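Structure first, then comments.
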Amino acid sequence: MQPEPDLSRDFSHIFSHVVAGVVIVAAADAGGLDGCTASVWAEVAEPPLVLVTLAHSSATLARLRSAGRFSVNLLGEGQDKLAYRFGDPATSGPGRFGAGQETGQETGHEAGQETGQETGRWERSGEAPVLLDARAFYRCRLVSTHPFGAHEIVVGEVTGFAAPRPHLAPLVFVHDQMAIVELPGRAGGGSS
């Protein structure tokens, strides 16, 4: 008799072969800022929606529910340290955004300075904070959340978007590690 397969373990192993784009989900309300790294997300073209999954226990999930708005920031080459910072449970809330996050429109490094891998440059306007150094970002209005297992599927209507650094090679998560996808026809490049 064959032993019963461990579907959860087997599924996780198979899913580790899927190449997933790495994003930072961020939100702000009157109480402050929060954000986290995610790699399970999707876009829907019509109507323009973004879906992300966040753990029930996520402080970012609580913040985006309170705010009713959030951003999804697509990361690229050279931003792996930023992804790890926002994924580190030892760092949370405003500390993930770096110095100055509570005082001005732009956070992290001073305007005009080279982007830091540790915090990046964040803009907090009337909506959710966006990473000015991202390959691209979406600003979203929270439409709904759907509990499923240990996570919530978050659905956001896209209210704005930009691609500040589209030339960056995409940062992806595959085989339980971060990697860069080199774009065809792109000279140079690098690894993270």
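The values are calculated or read from the model by the stated rules, or taken from the named source; none is laboratory data. A quick note: this is a predicted structure, and the numbers were derived from the prediction, not measured. Note that each Cβ is placed from the backbone with ideal geometry, even for glycine, and that neighbours are counted across all protein chains shown.
Residues of region 136-170 that are in contact with an Asp or Glu (Cβ under 6 Å, 6 or more places away or on another chain) and aliphatic (A, V, I, L, M): 143, 168, 169.
Residue-level analysis places residue 130 outside the set of residues that are surrounded by fewer than 20 Cβ atoms within 10 Å (Cβ to Cβ) and at pLDDT 90 or above. Scanning region 129-147 for residues that are part of a loop (DSSP other than H, G, I, E, B), under 15 Å from residue 41 (Cβ atoms) and among the aliphatic types (A, V, I, L, M) turns up just one, 134. The set of residues from region 140-149 being at negative phi and surrounded by fewer than 22 Cβ atoms within 10 Å (Cβ to Cβ) comprises 141, 142, 143, 144, 145, 146, 147, 148. Under the condition of being in contact (Cβ under 8 Å) with a residue 60 or more places away in the chain and β-branched (Val, Ile, Thr), which residue from region 41-72 is nearest to residue 136 (Cα to Cα)? Selected residue: 72.
Among residues of region 148-161 that are within 13 Å of residue 61 (Cβ to Cβ), those with a Cβ under 6 angstrom from a residue that is at pLDDT 95 or above and small (Gly, Ala, Ser), sequence gap 6+ or separate chain, pair up as 155/144. Quick check on my filter: what residues within region 38-71 are surrounded by fewer than 22 Cβ atoms within 10 Å (Cβ to Cβ) and among the β-branched types (Val, Ile, Thr)? Within region 38-71, 40, 44, 53 qualify. Each residue in region 161-192 was checked for being surrounded by fewer than 14 Cβ atoms within 10 Å (Cβ to Cβ) and modelled with pLDDT of 95 or more, and 2 pass.
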